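The values are calculated or read from the model by the stated rules, or taken from the named source; none is laboratory data. All values derive from a computational prediction rather than experimental measurement. Methodologically, a virtual Cβ is constructed for each residue, glycine included, from the backbone with ideal geometry; neighbour enumeration extends over all protein chains shown.
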Amino acid sequence: MTDRISARGALLASLAVSGLALTGCMSAPTYGTDKSATTQLATDLTNIMSLKPKTNTIEYKPRPELVKPKTGQVAALPVPQDNIVTTASADWPESPEARRARIRDNATKNRDNPNFEPEVVNDMSALNGPDMSKWTPAQRKAEIERRLRENKQGSTTSRKYLSEPPLAYRQAAATAAQDELGEDEIKKERRKKKLAKKGTSWWPF
């Protein structure tokens, strides 16, 4: 009985292997390889059931030996090079702190020298502008008011900024009313409020 079962199992196994082989012979996608999916599956199953140990297919090449100097060449080695990356070198960039200290020391040493030209000078605007620290409060107030008037209104005879319209556009027409300020805005507002109250009131007086 057991012989029949084993014979049937062997027959089924052979049929399965032959079926896989036949399907492998048929055209099937290889997905970029030289084997179809079923053939690759059969190969993987065969490798799993195989008792043969896996071998490493990586080819390792031996490293070359170190090149050592000869016995007579040991004393002929070059002298170690000096470290050129030093802060004392002239090619090394000067830090802001070192530059500030150098300029300050140089100015201190030449404080009594009338021909000394400092490396750092103040802004040109501060030198050319008026020194308001010596002005009186009245002078400061007058200067501030003058600047405000200059900024608020332009001149009809000169053009100070490029953003201002040309002088030809500032000339008034011959029929235009000039030097007339018109009615004060406060009076105009009061008059409008008074007229509005009269229109909404039922009392005619």
Does at least one position in the range 118-127 carry a residue that is out of contact with any Asp or Glu (no Cβ under 6 Å at 6 or more places or on another chain), at pLDDT 75 or above and surrounded by fewer than 10 Cβ atoms within 10 Å (Cβ to Cβ)? yes
Please determine, by comparing only the residues of the range 161-184 that are of a type in the set (A, V, I, L, M, F, W, C) and in a loop (DSSP other than H, G, I, E, B), which one is nearest to GLU150 (Cα to Cα). LEU162
Within the range 180-190, can one find any residue that is at positive phi and at pLDDT below 75? yes
